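Student: First, the structure itself, so that you have it in front of you.
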């Protein structure tokens with residue numbers, strides 16, 4: 001009986017020690033996760049503020065961007081504490097946010113974000129042609145800094161002439177007479 005009790009006490013002590021080890025491991029992982037969340041938020045914010053400053057001088061908050069934050073719960077992006085912008089600035093901000101998210105994922109290998117970005121409506125929201133062209137340049141310039149495999153697709157009805165004749169353009173220009181993919185045999 002004494003032997004059985006001794007064995008059970010040993011098992012209890014081992015399980016208690018294992019429980020404490022697991023609790024400490026969980027606490028360390030939670031701390032690491034919290035640190036990584038801050039690191040990712042800072043990477044996104046840094047990329048956004050840098051990219052926003054490259055816009056045409058139309059939105060004062062973008063020209064003087066000091067901080068850019070995203071609130072995933074509220075589905076909102078703030079620049080210098082503001083989130084209300086003209087429609088074209090909101091479109092620009094949305095695309096820059098997604099590009100900054102991709103940039104952060106390229107810089108932080110631990111991020112679980114695919115290195116794929118598809119931007120549709122580059123020129124939505126009444127965006128001026130020059131601003132749309134500038135946004136396209138920003139996307140191309142930013143992506144040229146990536147040193148890992150990635151894919152970015154963006155669609156626009158006003159392609160930047162600097163990009164139009166490059167190897168970056170895939171497909172043909174769509175017209176009212178030829179709106180969809182032509183899958184007929186040639």
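Student: Could you tell me which of the residues 119, 135 is touching a strand residue (DSSP E or B) at 6+ places or on another chain (Cβ under 8 Å), closer than 16 Å to residue 157 by Cα and surrounded by 14 or more Cβ atoms within 10 Å (Cβ to Cβ)?
Tutor: 119
Matching residues to (1) in contact with a helix residue (DSSP H, G or I) (Cβ under 9 Å, 6 or more places away or on another chain); (2) surrounded by fewer than 10 Cβ atoms within 10 Å (Cβ to Cβ); (3) within 26 Å of residue 107 (Cα to Cα):
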{"site": "2", "(1), (2), (3)": "no, yes, no"}
{"site": "6", "(1), (2), (3)": "no, no, no"}
{"site": "10", "(1), (2), (3)": "no, no, no"}
{"site": "13", "(1), (2), (3)": "no, no, no"}
{"site": "16", "(1), (2), (3)": "no, no, no"}
{"site": "19", "(1), (2), (3)": "no, no, no"}
{"site": "29", "(1), (2), (3)": "no, no, yes"}
{"site": "36", "(1), (2), (3)": "no, no, yes"}
{"site": "43", "(1), (2), (3)": "yes, no, yes"}
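Student: If you take the residues in segment 148-158 that are in a loop (DSSP other than H, G, I, E, B) and in contact with a helix residue (DSSP H, G or I) (Cβ under 7 Å, 6 or more places away or on another chain), which one is surrounded by the fewest Cβ atoms within 10 Å (Cβ to Cβ)?
Tutor: Across segment 148-158, the extreme among qualifying residues is 148.
Student: I would also like to ask the following. Does any residue of segment 128-147 turn out to be in a loop (DSSP other than H, G, I, E, B), at positive phi and in contact with a helix residue (DSSP H, G or I) (Cβ under 9 Å, 6 or more places away or on another chain)?
Tutor: no
Student: Could you please let me know if residue 91 is buried (at least 18 other Cβ atoms within 10 Å of the Cβ) and under 14 Å from the mean Cα position of the chain (by Cα)?
Tutor: no
Student: In the set 117, 168, which member is more than 19 Å from the chain's Cα centre (by Cα) and either closer than 29 Å to residue 33 by Cβ or in contact (Cβ under 8 Å) with a residue 24 or more places away in the chain (or both)?
Tutor: Only one candidate passes the filter, namely 168.
Student: Let me ask something else. Out of (1) under 26 Å from residue 171 (Cα atoms); (2) surrounded by fewer than 18 Cβ atoms within 10 Å (Cβ to Cβ); (3) modelled with pLDDT of 95 or more, what's the single condition that is false for residue 103?
Tutor: Every listed condition holds for residue 103 apart from (2).
Student: Quick one: which strands (runs of 3 or more DSSP E) sit completely within segment 50-124 and have at least 3 residues that are over 15 Å from residue 135 (Cα atoms) and touching a helix residue (DSSP H, G or I) at 6+ places or on another chain (Cβ under 9 Å)?
Tutor: Passing ranges, in order: 68-71.
Student: Tell me which of these residue 98 doesn't satisfy, since it passes every other one: (1) touching a residue at least 24 places away in the same chain (Cβ under 8 Å); (2) under 28 Å from residue 36 (Cβ atoms).
Tutor: (1)
The values are calculated or read from the model by the stated rules, or taken from the named source; none is laboratory data. These numbers come from a predicted model, not from an experiment. Don't worry about glycine lacking a Cβ; one is built from the backbone with ideal geometry, like all the others, and counts go over all protein chains shown.
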